[in-house]
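Read the structure below first, then the notes.
The values are calculated or read from the model by the stated rules, or taken from the named source; none is laboratory data. Quick caveat, the model's predicted, so the values are computed rather than measured. Every residue, glycine as well, gets a Cβ built from its backbone with ideal geometry; the counts of neighbours run over all protein chains shown. Accessible surface areas use protein heavy atoms only, side chains included; no ligands, DNA or RNA. Shrake-Rupley method; radii C 1.70, N 1.55, O 1.52, S 1.80 Å.
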Amino acid sequence: MVGAHLLGEIADRSGLSAGYSAAVPWTGERAPGHDRGRLLSQIAVMLAAGGRCVADMAVLRDQPDLFGEVASAPTIWRAVHEIDDDVLAGLRTARAMARARVWAAGAAPAALVLDVDASLVEVHSENKEQAASSYKGGFGFHPMFCFLDATGEALAGILRPGNATANSGADQLTVVDLAIAQLPEAQRAGHRPGDDPTEVTHPILVRADTAGAVASFVEGLVARNCEFSVGGRVSDVLDAAIAALSEKAWRPAIDTDGEPRRGAQVAELDVVLARWPAGTRAIVRREKPHAGAQLRLWDHNGLRHQVTLTNSVGDIDALELRHRRHAEVENRIRNLKDCGLERMPFASFAANTAWMELVLAAADLLAWCQSICLDGDLARAEPRTLRYRLLHTAGRLVRQARQVTLRLPTHWPWSNELAIAYRRLTQLVV
């Protein structure tokens, strides 16, 4: 698994491992046998490489020449349980500082688009604190996340009981504040509550589905000088505005390539929404629903209608396409579940919260690897593809003239890509 070692190098070179070490205090008179910060970064590497639980650390532990000394399972359990709110805040700060270094090295995105969404995580045990029944009839947790659209970085997440609502404006603002705190100082300037709009140098757009159509959430975004783009909920006001549209008001919707979207049109509604910020625009798209889809209250003439509410300026077709891209957040969450989110291994809610923070760090390591070390298809590949082609590549450590070098198998078709990734990382100073 020499490719997984690449992720460990990114954690070390970005300062994530050192930041974790500084964030975790000693609990005794002497330093622990295993540096707790390095231990936590090793967990993040394990999760990024496809591990799902503490027992999977054996994959790293069985390769000491490649990953160094790895703590035993009981030590890992104790380390995670020692993470309280103060330590968790330090871990988040360490991840933010590592992100700033990686972005300064050339991985900074051109635009800041944040996607907020919640997802259900099923558990099969009643012994986990705050696990509860969900609105879908399942049992477990209902965490909320905020991702950076351009790179897929998992900026923030909060673990919540399974019966928490998806449209909680307070939780949505909390996760957005945590995400903004993850940005370098230049990017987050002007985006704290009450900041002067003239301080903003990097505009931030926050997108959400219909769960984000909450007045307190939208008002909070405006107070943070952020643009918003959220899905509109069914209402008599919007329904009447859609019905009042003339056929001349509709124009073709577009796809990502700029070409007209087949069978879809967009229009802007002439409507004023109570309790929404001044300048809020309502953009509606209509198209024929896919086979088997059920029509809703404001669907007319056999066409599906979806409304986007935003305070952005620009052409309605481009703004509607921009909001439609929010659907990518589902893939981000699915990838998180493939990095250990589906397994909340501890009974303690605080320990599972710490575990989820390490899941977010694992997603960041994969995103940083793709941003600074890879290009082409691999720069956009899913975690499973990265694991097959790079992270799980076998290699051999060769000792010669008091030096240790890593030799990759020549028959593996992607060995050259892994070698190039290591070379880019070696030349990178962060």
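Rounded to the nearest 20 debye, what is the charge dipole size of the chain about its Cα centre when +1 sits on each Lys and Arg Cβ and -1 on each Asp and Glu Cβ? Kindly include the intermediate steps, with their values, before the conclusion.
Values: 47 positive and 51 negative charges, 220 e Å.
Its charge dipole is roughly 1060 debye.
Enter the accessible area per residue of segment 282-336 (Å², integer; probe 1.4 Å; all protein chains in place).
On the way: 2770 Å² over 55 residues.
Accessible area per residue, segment 282-336: 50 Å².
Just how far, in whole angstrom, is segment 254-313 from segment 41-77 if you go by their alpha carbon centroids?
Each part's Cα centre sits 47 Å from the other's.
Sequence-distant or interchain residues sharing an amide H contact under 5 Å with A253, placed H: which?
R261, A264, Q265, V266
Give the relative contact order (percent, whole number) for segment 296-364; include only Cα pairs under 8 Å separated by 6+ residues. Mind dumping the intermediate values first?
Details: 20 pairs, mean separation 15.4, N = 69.
Value for segment 296-364: 22 percent.
Between A379 and R233, what is the label-to-label distance in nm when each label sits 7 Å out along the Cα-to-Cβ direction?
Output for this residue pair reads 4.1 nm.
Please give me, ordered by residue number, the trypsin sites (Lys or Arg not before Pro) of segment 25-100 that lie in loop per DSSP and have at most 10 other Cβ atoms within 10 Å. It would help to have the intermediate numbers written out before the result.
Details: sites: R30, R36, R38, R52, R61, R78, R92, R95, R99; in loops: R30, R52.
Within segment 25-100, the qualifying trypsin sites (Lys or Arg not before Pro) (loop, at most 10 other Cβ atoms within 10 Å) are R30.
Would you mind getting the accessible area per residue of segment 75-168, heavy atoms of the protein chains only, 1.4 Å probe, in Å²?
Values: 3850 Å² over 94 residues.
Normalised by residue count, the accessible surface of segment 75-168 is 41 Å².
In 10 Å bins starting at 0, how do the alpha-carbon pair distances of segment 156-210 split up by percent?
The distribution over segment 156-210 is 21, 48, 24, 7, 0, given as percents.
Tell me which of V116, W103, T280 sits at the most positive position along the dipole axis of the chain, charges placed on C-beta atoms (Lys, Arg +1; Asp, Glu -1).
Going by the Cα projections, it comes out as W103.
Tell me the carbon and sulfur percent of the accessible area for the chain, rounded to whole percent, probe radius 1.4 Å. Could you put the intermediate results ahead of the total?
On the way: 10020 of 19940 Å².
Here it works out to 50 percent.
Apply the Karplus parameterisation 6.51 cos²θ - 1.76 cosθ + 1.60, with θ equal to phi minus 60°, to every residue of segment 129-146 and state each ³J(HN,Hα) to the nearest whole Hz, in sequence, with x for glycine and proline.
Once θ is set to phi - 60°, the couplings for segment 129-146 become 4, 6, 5, 8, 5, 9, 5, 8, x, x, 9, x, 10, 9, x, 10, 10, 9 Hz.
Let me have the relative contact order for segment 215-373, percent, based on Cα pairs under 8 Å that are six or more residues apart. Can you show the working numbers first?
On the way: 183 pairs, mean separation 33.6, N = 159.
Reported relative contact order: 21 percent.
Helix-derived [θ] at 222 nm for the chain: sum -39500 (n - 2.57) over DSSP H runs of at least 4, divide by residue count, nearest 500?
Working: 16 runs with 161 residues, N = 430.
Roughly -11000 deg cm²/dmol at 222 nm, from the helical runs in the chain.
Three principal axis extents, largest first, for the C-alpha atoms of segment 43-146, in Å?
45, 42, 28
Of F139, F147, F349, which has the most accessible area and how do the rest follow, probe 1.4 Å? Before the final figure, lay out each step's value.
Numbers: F139 60, F147 5, F349 30 Å².
The ranking, largest first, comes out as F139, F349, F147.
Determine the gain in length on full extension of the stretch N301-A243; use 0.36 nm per residue of separation and subtract their C-alpha separation, reporting nm with one decimal. Don't jump to the answer; show the numbers that get you there.
Values: separation 58, 0.36 × 58 = 20.88 nm, distance 1.04 nm.
Residue separation times 0.36 nm, minus the Cα-Cα distance, leaves 19.8 nm.
Quote the relative contact order of the chain in percent (integer), defining contacts as alpha-carbon pairs under 8 Å separated by 6+ residues. Could you put the intermediate results ahead of the total?
Values: 746 pairs, mean separation 84.0, N = 430.
In percent, rounded to a whole number, it is 20.
Checking understanding here: applying a Kyte-Doolittle mean of at least 0.5 and a length along the axis of at least 24 Å (C-alpha), which whole DSSP H helices in the chain pass?
Details: long enough: 85-102 (26 Å, 0.04); 349-373 (35 Å, 1.16).
Answer set is 349-373.
One quarter of the convex hull surface, Cα atoms only: what value does that give for the chain in nm²?
On the way: hull surface 96.1 nm².
Averaging across all directions leaves 24.0 nm² for the Cα convex hull.
Report, in whole Å, the centroid distance computed from the Cα atoms of segment 78-110 and segment 126-164.
For segment 78-110 versus segment 126-164, the Cα centre distance is 20 Å.
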